[in-house]
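Read the structure below first, then the notes.
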Amino acid sequence: MKKILILCLVMAWSITGCYEDKGDYDYRNLAEGTIGNVNGSYHVSVGDTLIIEPEIVFDLETKVGLKYEWSVELDSVFSREKNIEYIIPLDAPEQMKWVLQVTDTLSGLTFMTQTMVRVSSLYSDGFLILSEKNGVSSLSFLKRVKGEWDRCIYDIYEGIEGVSLDGKPVQIHLHDLGNQTDEHIMLLQDDFYKCLDLDGANLEKSLELSKEFQVIPENVRPKQVFFDDWYSFLLAEDGRVFGRKNFSSEAFHTGYFSQYPMVYMEPDVVGEEVAHQLNADRFVYDMNTENGYVFVYEKERKRFLYIRGASSYGTIGEPKCAGYPNGFIPMDNLGNNELIATSGYWWNDYYIPAGGLYNIIKRADGTYVGQMLLTDDPEDIVAESQREFKGDMMNDNILLLIPDNGRGRGFGCPYAFIASGNVLYYFGKDAEGEIVPERYYSFPAEIKAMEDEFYANEYLCVGLANGEVYLLKINSEGFASDEAGRLVMKMDQNVGTVKQIIHKAAE
C-alpha cells in the first residue's frame, strides 16, 4: 500500500511540473540551403570586372534572415553583399581562392561554397603594337577578352611610368628570362641609352639595355636583338654583332654583353686563316631554334651564316648543303641576286616539330623567286624548292609573314602572306609550279607591319602607315568569306605610324 502511494505522488508531481514549465522552446526546423550559380573557377585579366550572382536555395518555404561574406581563403573579407562586381586590381595574385559564407542569422547555421579565380596579365592574349606617335615611340595593345576582341589600350608606357618613351621606335622583341620564368620585352629605340627591357606582364620598366654591358661599345645604334635561353645577340646599324652567354638558362640576366664585336676565322686569298668581323644585315626570326643556333645574313658578302648558341657558344659557320638543284640560288652565295625578305617557318615531320627557312630573292633579271630550305641542322641543309613569283605586286619593299603552323604541331594557317603597298596577298608556299599571289584584303593606306596569332593562327593583325590597326580572320572561315567578311574589327583610335606588331599568347 505504501509503494502504491509513493508511485501516485511521483506521477502527480510529474504532471504538475509539465503544466507549470513556462520555458520558451522553439522546435522549428533548422534552415538548410545550397548555393548555386557559382562556377568552380573563373579566368579573368587584370582590370576585368568579375560579376557573380549566387542563387541561394532553401529546403524551407519561409525565407530567413541571411548574412553574406565574400573572403579570400576565409581570411580577408572584401564584400558583405550577396552579388559582387569585383574589379581585378593591378596587384592581384595569379590565383585566388574566394569563399562565400552564407549564415542564417536566426539559427546560426553557416553554409559555404568556394571558387578559384585565375588572373592573367592585362597584356596577354592579344597584339602589342609599336608605333611612332608625336615623334616618339608608343605602345598600344589589342586584347581579346572572353573570346571577343573588344579591348584597346593606348599610350601604355605613359600611363604606367608617367613619362613618354622619348625615343624613336626600332624594334620590340619578346623573350623569356630563362626556361621557367616570365616573359619580357626588349624595346629598342634609336638612342642606345633609351633601350629598355620591359616586364611582359605589366610592361613596367625592368632593366636598361646599357646596364647589360660592363663596357659600352662606341657609337652603337641598335637595329635588332635575338634572345634565347642560353645566348643573346645585339645587332647594330653598322653590322656589328655583340654577344652574351647566360650563366644559366634558368636565370637570364646572368651575364654581360661583350664590348667587342663578334669575329670568325676564315681563309684569306692565300688560304691563311684570319679573323673577320661579322657584318650582319639581319637576324632570321620565327625559326626552330631548339637545336641551338640562329641564322644571320651578311648583305655585303651575299650569304647566310649561323651562330651557335648552346654547346659551342659563339661559333660562326657557313650552312652546308649536300647539293643544290640546278638553278637554285645557294644560301652561302647569292651572287648578283638580292635578298628581299626572309623568315623561318615550322612544319610537322611525322608529329615532330621541324623548321625551315623561306627566302624571297630578286634575281639579276628582275624576277622574284621563293625558296624553301629545311634547316634543322645547319650542317645538313636540304634545298626543298625554288619557285618564281608572277604578278605586278612583287617589289623590293614587300613584307613577308608565314604563320607558325602551331609551331609544327599540325595546327594553323596553310598559307603565307605578303604585303605590297596597301594590299595583302596570300599564296600556298608548299604548292608546286609558279607562285601567283591572290588578294586577301585591301586597306586605305600602306601596310607597315603584320603579325599572326601565335599557335592557333586564326587571326592576323595589320598596322598601317596612317596609324590604323585592323584585325582579320585567316582561319577557314576567313578564306571562305569575301573581303568584308574577313574583317573582325578596327582599333577605335589612331596609334601613329606602325613600326612592328607582336602577339602575346594567353597565360
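The values are calculated or read from the model by the stated rules, or taken from the named source; none is laboratory data. Fair warning: this is a prediction, and the values are worked out from it, not measured in the lab. Glycine also receives a Cβ, built like all others from the backbone with ideal geometry; neighbour counts cover every protein chain displayed.
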query = Do we find a residue being surrounded by fewer than 19 Cβ atoms within 10 Å (Cβ to Cβ), more than 15 Å from residue 176 (Cα to Cα) and in contact with a Lys or Arg (Cβ under 9 Å, 6 or more places away or on another chain) anywhere in segment 199-207?
reply = no
note = So, first residue over 28 Å from residue 126 (Cα atoms) in segment 32-58, second residue outside any strand (DSSP E or B) and polar (S, T, N, Q), Cβ within less than 7 Å, six or more apart or across chains; the pairs are 53/37; 53/83; 54/37; 55/37
Among (1) more than 16 Å from residue 400 (Cα to Cα); (2) surrounded by 22 or more Cβ atoms within 10 Å (Cβ to Cβ), the one test that residue 447 misses = (1)
query = When you go through (1) closer than 20 Å to residue 502 by Cα; (2) modelled with pLDDT under 95 one by one for residue 429, which number turns out not to apply?
reply = (1)
Selection count, segment 103-120, where residues are assigned to a loop (DSSP other than H, G, I, E, B) and either buried (at least 20 other Cβ atoms within 10 Å of the Cβ) or of a type in the set (A, V, I, L, M, F, W, C) (or both) = 2
Subset tally (residues that are surrounded by fewer than 18 Cβ atoms within 10 Å (Cβ to Cβ), among the polar types (S, T, N, Q) and within 22 Å of residue 402 (Cβ to Cβ)) for segment 268-305 = 1
ask   = Would segment 365-376 turn up any residue that is surrounded by fewer than 16 Cβ atoms within 10 Å (Cβ to Cβ) and either under 17 Å from residue 296 (Cβ atoms) or in contact (Cβ under 8 Å) with a residue 40 or more places away in the chain (or both)?
value = no
ask   = From the list 38, 57, which residue is surrounded by 12 or more Cβ atoms within 10 Å (Cβ to Cβ) and either in contact with a strand residue (DSSP E or B) (Cβ under 9 Å, 6 or more places away or on another chain) or at pLDDT 90 or above (or both)?
value = 38
task = Among the residues of segment 216-246, write down those that are of a type in the set (Val, Ile, Thr) and either at pLDDT below 95 or within 25 Å of residue 291 (Cα to Cα) (or both).
result = 225, 241
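The rows are residues; the columns are (1) under 26 Å from the mean Cα position of the chain (by Cα); (2) without any contact (Cβ under 8 Å) to a residue 60 or more places away in the chain; (3) exposed (fewer than 12 other Cβ atoms within 10 Å of the Cβ); (4) in a strand (DSSP E or B).
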{"position": "67", "(1), (2), (3), (4)": "no, yes, no, yes"}
{"position": "74", "(1), (2), (3), (4)": "no, yes, no, no"}
{"position": "89", "(1), (2), (3), (4)": "yes, yes, yes, no"}
{"position": "97", "(1), (2), (3), (4)": "no, yes, no, yes"}
{"position": "101", "(1), (2), (3), (4)": "no, yes, no, yes"}
task = Of the conditions (1) more than 26 Å from the chain's Cα centre (by Cα); (2) free of Cβ contacts under 8 Å to residues at least 24 places away in the same chain; (3) in a loop (DSSP other than H, G, I, E, B), residue 274 clears all except one; give me its number.
result = (3)
query = Which one of 164, 138 is of a type in the set (Gly, Ala, Ser) and in a strand (DSSP E or B)?
reply = 138
